[in-house]
1. Of (1) farther than 26 Å from B:Phe168 by Cα; (2) of a type outside the set (Phe, Trp, Tyr); (3) surrounded by fewer than 20 Cβ atoms within 10 Å (Cβ to Cβ), B:Thr196 satisfies all except one. Which?
2. Looking only at the range B:167-183, count how many residues are at the interface with chain A (Cβ under 7 Å from one of its Cβ atoms) and at pLDDT below 95.
3. Across the range B:82-99, what is the number of residues that are more than 17 Å from B:Ile156 (Cα to Cα), surrounded by fewer than 19 Cβ atoms within 10 Å (Cβ to Cβ) and without any contact (Cβ under 8 Å) to a residue 60 or more places away in the chain?
4. Residue check, B:Gly119 against (1) more than 9 Å from chain A (Cβ to nearest Cβ); (2) at negative phi, all met but one. Which one?
5. Would the range A:63-79 turn up any residue that is surrounded by fewer than 24 Cβ atoms within 10 Å (Cβ to Cβ) and in contact with a Ser or Thr (Cβ under 6 Å, 6 or more places away or on another chain)?
6. Which of (1) in contact with a Leu (Cβ under 9 Å, 6 or more places away or on another chain); (2) free of Cβ contacts under 8 Å to residues at least 24 places away in the same chain is the odd one out, the single condition B:Gly241 does not satisfy?
7. From the residues in the range B:146-166 that are touching a residue at least 60 places away in the same chain (Cβ under 8 Å) and assigned to a strand (DSSP E or B), which one is nearest to the other protein chains (Cβ to nearest Cβ)?
8. Scan the range B:113-145 for residues that are over 23 Å from B:Asp263 (Cβ atoms) and in a strand (DSSP E or B) and jot them down.
Amino acid sequence: MLDKLRIPERHYLHEGHSLRSWLLTKDHKRIAIMYLMSISVMFFIGGLFAVGIRFELATPQGDFVTADTYNKFFTMHGIIMVFFFLIPSIPAVLGNFLIPPMIGARDLAFPRINLLSLYIYWIGGIFTIYAMITGGVDTGWTFYTPYSAAGSNSHVIPVALGIFIAGFSSILTGLNFIVTIHRMRAPGMTWFRLPLFVWAHYATSLVQVLGTPVIAITIVMLFVERAFGFGIFDPARGGDPVLFQHLFWFYSHPAVYIMILPALGVTSELVSTFSKKTIFGYSFVAFSSLAIAIFGFIVWAHHMFVAGISTYSAMVFSFLSFSVAIPSAVKVFNWTATLYKGAVSFETPMLYAYGFIGLFAIGGLTGLFLATLGLDIHVHDTYFVVAHFHYIMVGGAIMGYLGGLHFWWPKITGRMYNNFFSKVSAIMVFVGFNITFFPQFVVGYLGMPRRYHSYPDEMQVLNVMSSAGATVLGLGYVLPVIYFLLSLRRGRVAGPNPWGASGLEWQTQSPPLTENFVEIPIVTGEPYEYDHVPAKESHLV
Amino acid sequence: MTIFGIPIFPDQASTFAKDVDTLYFFILTVCSFFALTVAILVVYFGLRYRRKREGQTGARIEGSLPLELMWSVIPTVIAMVMFGWGASVFYHLRRPPDDAMHIYAVGKQWMWKFQHLEGQREINELHIPAGRPIKVTVSSEDVLHSLYFPSFRTKIDAIPGRYTELWFEASKPGTYHIFCAEYCGTNHAGMIGSVTVLEPQAYQAWLQGGGEGGTMAERGARLFEQHACNSCHLDSGQGRGPSLKNIVGTTVELTDGNTAVVDDAYLRESILTSQAKIVKGFQPLMPTFQGLISEENLLALIEHVKSMSPQASTASGQPAGATPSPNAPKPPARPGEKKQ
């Protein structure tokens with residue numbers, strides 16, 4: 001085709017350079033870029049709080065910061081990472097950028113609503129950062145009543161409102177995706193030709209649209225409780241503090257799937273592309289996403305096995321919780337089978353995919369420990385739980401996000417990043433992550449409760465290991481920022497399809513045109529067919 | 001269990017601990033098997049089928065229904081085994097035996113207060129005998145807490161406005177951690193203490209040592225007078241309030257036509273929000289005591305009321321109120337011996 005690859009003259013980044021051209025854009029790709037920058041800032045802030053936490057926990061005594069400050073650290077870490085980084089991460093950045101080109105559309109169904117969702121996210125973020133600067137909040141990201149309603153003296157209301165507002169951003173993104181996937185597919189792009197990334201986002205969007213209103217309602221209830229003393233959660237006035245937990249987890253458990261499902265979708269793309277083989281059991285992988293999204297709504301009370309719920313309802317929720325394990329396991333087995341007789345290459349995104357499979361497997365399997373009633377009683381609210389959900393949300397969701405970012409970076413920017421350092425970073429993240437969080441399973445089973453500012457001396461060694469690993473992990477996260485930024489100027493030109501991937505998004509130029517395609521493609525083949533993809537010059541040096 | 005002197009596994013100090021740990025190692029084995037299988041296959045396939053030349057594509061294999069069924073059904077069966085086993089351990093953990101010794105715990109920012117029926121009161125420390133089932137009724141003075149005994153492998157949340165309970169049978173004398181496992185504000189990490197498991201004789205000796213002010217029920221009886229409860233709740237039944245004699249465990253008829261079983265929760269509600277349920281034939285005259293009486297005193301009052309129903313309380317194990325004479329202790333089970 002081309003002797004020498006060049007960045008095309010016309011593409012979405014050249015469509016105006018003024019601030020105005022960005023702030024008033026309706027291009028899903030530019031909105032995705034603004035999301036990328038916003039959530040990166042949030043990730044950095046959330047990460048700083050994590051640094052503070054690990055620093056404090058390096059010694060058993062509470063000697064680095066006061067107890068109140070520490071409590072604010074883990075609260076703000078959780079709130080920022082969950083609501084302002086993980087939930088928007090893959091959908092709002094990669095989903096936003098890629099769903100239209102993947103299904104052969106020129107934009108999302110509602111470009112203005114897409115921009116609105118970004119502004120709403122910003123407003124929510126500003127509320128939260130305002131509360132943080134003026135003193136922060138110390139309730140834990142879970143806002144359990146009655147502490148959040150009456151006990152805490154911190155800025156509960158502004159932060160809760162920030163989350164309330166940001167929730168609408170999430171709802172609008174989900175709504176936009178659902179309509180787009182239903183209505184905007186190119187001719188020939190049937191449901192069963194959709195990339196699994198799109199299936200995963202479809203499932204995610206359902207959760208966003210159906211679940212997020214519940215957290216909004218819950219926050220309103222918390223607001224009236226705290227501001228006006230309604231007594232909904234106050235036992236002295238006939239309220240019930242445990243009711244809050246039911247409402248909170250009715251959203252916040254499915255919210256875990258908002259974070260992990262898109263990462264599962266990314267991994268399906270990566271595993272298939274880098275083994276140059278169609279995904280094993282396409283329909284099983286696709287439907288397992290929907291199954292996870294649906295089952296995710298009926299397991300919430302497994303967060304409450306020791307909160308005084310009845311023995312029998314605990315049994316029902318334990319039983320249902322195991323049901324989520326099955327579709328998750330099915331995905332892992334299908335990825336494994338996809339590698340069989342593939343043509344596997346270990347580019348950076350594939351390293352992330354491998355890391356993802358390992359960490360997600362551990363995260364998922366330790367979920368079985370927690371779903372098991374007799375065991376959960378012991379490890380509930382200990383570091384075992386902390387380790388488990390970090391394996392899912394950091395090991396899983398962030399590995400998936402980074403894998404996706406490395407995979408689609410040449411599509412987004414038209415350029416390649418440094419091959420060597422990106423591999424170093426992928427390995428550092430994997431190794432650092434395990435050193436950080438694996439000891440937490442051990443210290444959790446030993447009985448160390450979560451959210452402890454100080455802890456018994458005999459638990460120090462394991463905590464020091466965690467803190468040391470976190471340093472490696474942190475450096476692993478900083479590295480991509482450097483080589484990604486450097487690649488913008490110096491990176492080798494990637495061309496339209498550097499990985500020889502099969503998706504529609506790779507058939508258009510990199511970076512894509514504002515309208516994505518010169519002509520809307522007509523889809524005639526099945527997804528993940530690599531035989532027809534022209535062999536490209538390798539981008540590798 | 002320790003490695004290089006670093007503890008990596010908690011003490012097994014209750015009869016549950018073995019059950020829970022056995023379950024833990026079962027799941028750990030199964031999960032390790034799956035994790036290793038996947039890890040080995042993924043790495044092996046990755047190396048074995050490594051791309052050798054540019055443009056090479058993988059074999060065309062779209063899937064296999066038998067395989068999909070296999071790896072859906074087998075994990076489902078294994079998960080059901082885990083569920084069933086876990087549920088049975090849990091069921092046992094949630095059913096205190098009838099003859100359990102009763103202790104009350106109140107969580108309060110940021111301390112644990114324990115009361116023994118014999119009258120001893122402790123803060124952040126708990127003394128118990130080994131080899132005897134112990135039921136702890138837990139409540140909270142302010143926000144949520146969670147009473148956690150890692151070496152006994154059990155915990156339960158302390159919820160304001162409610163009683164929850166847990167039980168265990170300590171099997172090994174020693175001193176173990178008590179933690180608050182539910183975040184409760186500034187000094188959450190300081191809401192810790194220790195439980196000292198004593199040999200039964202040593203426990204009896206310890207009981208003799210403290211306990212000013214008589215048993216819990218006796219303290220409750222004094223509160224009953226101080227709050228002038230006795231001016232209306234006459235034993236004769238002729239007072240303005242119903243007689244409290246022998247009511248625990250019975251079902252009372254209410255003015256609104258419903259009925260209520262007289263238990264801890266009912267007594268608590270009747271004291272704190274006395275207008276909530278009025279016994280048929282009585283006027284809603286009783287003042288509410290919400291905010292006027294501490295959780296600990298409330299428990300003592302309830303204990304006193306229970307002591308007025310000797311039959312009912314015998315059924316629930318400890319002869320409440322009647323001093324469980326230290327001279328005639330129940331024959332204690334040997335440590336580690338499993339009941340039932």
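1. (1)
2. 0
3. 2
4. Status for B:Gly119: all satisfied but (2).
5. The answer is yes, given that some residue of the range A:63-79 is surrounded by fewer than 24 Cβ atoms within 10 Å (Cβ to Cβ) and in contact with a Ser or Thr (Cβ under 6 Å, 6 or more places away or on another chain).
6. (2)
7. B:Thr154
8. B:Arg121, B:Glu122, B:Ile123, B:Glu125, B:Leu126, B:His127, B:Ile128, B:Pro129
The values are calculated or read from the model by the stated rules, or taken from the named source; none is laboratory data. Only a predicted model underlies this, so the values are computations on that prediction, with no experimental measurement involved. Virtual Cβ from ideal backbone geometry, glycine too; neighbours counted across all protein chains shown.
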